[in-house]
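My questions all concern the structure below.
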Amino acid sequence: MSDSLQLDAATQNELQKFIAQETAQRKVNESVQKFTSLCWDKCIKQVNSGRLAPSESDCLTNCVGRFLDASLQLVRDVENKRSLLGSSGL
């Protein structure tokens, strides 16, 4: 960046929030891709037709469900830690 570009505090704060949101979204997307691949590799043994076998469908449902449960718990944990940090004045 050029030294002549000066941003006021509000703009800097807004830019930092935007970058944090984009970083968080990137991490979510990476996690979704990772778990999509993981669940596919775990549940789909062979592609024989355009349809999933009932056991494959059940496996994918369970795998994705566990991923979502784990993700929600992670979000709750992060929110709790943020609340604790915010209330402690840090």
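Evaluate the following for Gln16: is it loosely packed, with under 11 Cβ neighbours inside 10 Å and assigned to a helix (DSSP H, G or I)?
Details: loosely packed, with under 11 Cβ neighbours inside 10 Å: yes; assigned to a helix (DSSP H, G or I): yes.
Yes; evaluated as a whole, the condition is true for this residue.
Return yes or no: is Arg26 of a type outside the set (A, V, I, L, M, F, W, C), surrounded by 10 or more Cβ atoms within 10 Å (Cβ to Cβ) and at pLDDT 85 or above?
When the stated conditions are applied, Arg26 passes them.
A further question on this structure: Give me the pairs, please: first residue somewhere in the range 47-73 and more than 30 Å from Ala24 (Cα to Cα), second residue anywhere and of a type outside the set (Lys, Arg) and assigned to a loop (DSSP other than H, G, I, E, B), beta-carbon distance under 7 Å, and either six or more positions apart or on two chains.
Qualifying pairs under 7 Å: Glu56/Ile44.
Let me ask something else. When you scan the range 44-90, how many residues do you find that are loosely packed, with under 10 Cβ neighbours inside 10 Å, closer than 22 Å to Gln33 by Cα and not β-branched (Val, Ile, Thr)?
3
Further question: Of everything in the range 52-66, what is assigned to a helix (DSSP H, G or I) and farther than 12 Å from Trp40 by Cβ? Give them in sequence order.
Selection gives Pro54, Ser55, Ser57, Asp58, Thr61, Asn62, Gly65, Arg66.
Could you pull out the residue among Lys42, Lys34 that is modelled with pLDDT of 85 or more, part of a helix (DSSP H, G or I) and touching a helix residue (DSSP H, G or I) at 6+ places or on another chain (Cβ under 7 Å)?
Working: Lys34 fails: touching a helix residue (DSSP H, G or I) at 6+ places or on another chain (Cβ under 7 Å).
The unique qualifying residue is Lys42.
The values are calculated or read from the model by the stated rules, or taken from the named source; none is laboratory data. Bear in mind the structure is a predicted one, so any value in this text is a computation, not a measurement. Reconstructed Cβ throughout: ideal geometry from the backbone, glycine too, with neighbour counts over all protein chains shown.
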